[in-house]
1. Looking at the chain, what % of its DSSP beta bridges pair antiparallel, to the nearest 5?
2. Which whole-Hz couplings ³J(HN,Hα) result when phi for each residue of the range 304-314 is put into the Karplus expression 6.51 cos²θ - 1.76 cosθ + 1.60, θ = phi - 60°, listed in order with x for Gly and Pro?
3. I'd like the distance between the alpha-carbon centres of the range 141-159 and the range 77-136, rounded to an integer number of Å.
4. Can you list the residues of the range 329-344 with backbone N under 17 Å from a point 7 Å past the Cα of Glu405, pointing along Cα to Cβ?
5. What's the exposure ranking of Ser198, Ser94, Ser335, going from fewest to most Cβ atoms within 10 Å?
6. Under a 5 Å amide H to amide H cut-off, with H placed in plane at 1.01 Å, what residues pair with Tyr159 once short-range neighbours are removed?
7. Given the pairs Lys154/Lys338; Lys235/Lys338; Lys295/Lys323, which are separated by over 21 angstrom at their Cα positions?
8. Output ³J(HN,Hα) for the range 323-338: one whole-Hz value per residue in order, computed from phi by the Karplus curve 6.51 cos²θ - 1.76 cosθ + 1.60 with θ = phi - 60°, and x for Gly and Pro.
Amino acid sequence: MKKRILLALSLVLALCLLSSCAYLPFAGLTDMLGMVAPAEVADHGDTVTISKELYEKYEQFDKLIEIQEIADMYFFEEVDNEAMLDGAALGLLSGLDDPYTFYYSPEEYAEYWEDDEGEYAGVGIQISGNYATGLCTISRVFDNGPAKEAGVHKGDILYKVEDLYVDAYSLQDAVDIMRGTPGTDVNVTFLRDGEEMSFVLTRAQITVNRVESTMLAEGIGYIALYEFAGDCAAKFEEALDNVVKQGAKGVIIDLRDNPGGWVDDAETIGDLFLDKGTLCYLEYRDGTREYYSTKDGKTDVKLVILMNEHSASSSEILAGALKDRADATIVGVQSYGKGIVQSVIPISDDGSGMQLTIAQYYTPNGNKVHKIGITPDVEIQLPEGDNGMYEFADLADPQLSRALEVMQEKLAK
């Protein structure tokens, strides 16, 4: 069973990656969605007889049918009934008052699966939109992409795409413009230290690198994990093998700004550092629990984990398990606190889907994460005015520098 949890409404909006959750093959899904069981329907040629219980269920939707019929009769233009049904589905799920539960149109659902693969046609940047300032800051520049080749840096401000001036509220429109057919051009303007830099970027097929690693100091490896998706678990294991071969006795895992992703990936990565036991457990509405577990055969290294206020979901699952069971030291600030799990479920036969919050999760020691987060063992805030936009493994980054000190202290004991 695969479940994915991600920071919804994340400020991190990638050109290639939309904040999303993923498919869970659900036992009893037909019953859960209230679909019609054959025993409740009798076919009499031109008429169908249904049970009283089923009739009363359908009767709840009379208002929606009436609205649709009035619009179909009196709206000043031809009515798009499919679009109205999509809107009704959106509204129905919004009634749950859960920002992590929503409807995917067929187009959105298809795009979601494409995004999860980590390949897209665009310019190769990831953007963080700040709704307080309106600024859209480049948080990652992907290797071998047009933006990287043009000299775009992490920390640059996305200012204009074609004729669209970009702020946090128009960011998705800018992302849509920058995506397109490989080999076609798009005009993009950035700000750096207040100076405009305009580029004609040729869209290309981008492959997202979700893991980066290096040796940070003698005996200390550093692995940055950007999200739990695609091939991240395999790439993480490769990175771990590489730093261990280079003599790493301790590993710093950087989960800052990691919004989460597949629980299975958190389980696979956690298994590298844990022997047999619990990674986390989910608790459903009826009180039943589902356990994610690790097996024997861990890599014997010391661990320090970097987290910030945007580390969420599967990041918190992994950090919570390693804190509880592997004596990992958490450095940074309190994490986001998204301790609930979503499933994305295909619905109907038109390619649409829905995302639904289905459970809470807890750390191996039974600690609740939702709306609480993971508390750092060593707290270090970024200085006022520091946006944290450091290049990979830059020890001018005060949080990374402190994590290195903490690891050196652990190894010296």
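What follows is calculated from the coordinates using simple rules that are stated; it is not laboratory data. Treat the numbers as computed from the prediction; the structure is a model and nothing was measured. So basically every Cβ, Gly included, is an ideal-geometry build from the backbone, and we count neighbours across all protein chains shown.
1. On the way: 62 of 80 bridges.
If we restrict to bridges inside the chain, about 80 percent are antiparallel.
2. Using θ = phi - 60°, the values come out as 10, 10, 8, 9, 9, 5, 9, 6, 9, 6, 4 Hz.
3. When both Cα centres are located, 25 Å separates them.
4. Under cut-off, by backbone N: 329-333.
5. On the way: Ser198 10, Ser94 13, Ser335 29.
By the 10 Å Cβ count, ascending: Ser198, Ser94, Ser335.
6. Thr189, Phe190, Leu191
7. On the way: Lys154/Lys338 26 Å; Lys235/Lys338 25 Å; Lys295/Lys323 17 Å.
Table pairs above 21 Å Cα-Cα are Lys154/Lys338; Lys235/Lys338.
8. Result, ordered by residue: 5, 5, 10, 10, 6, 6, 9, 8, 10, x, 10, 3, 6, 4, x, 9 Hz.
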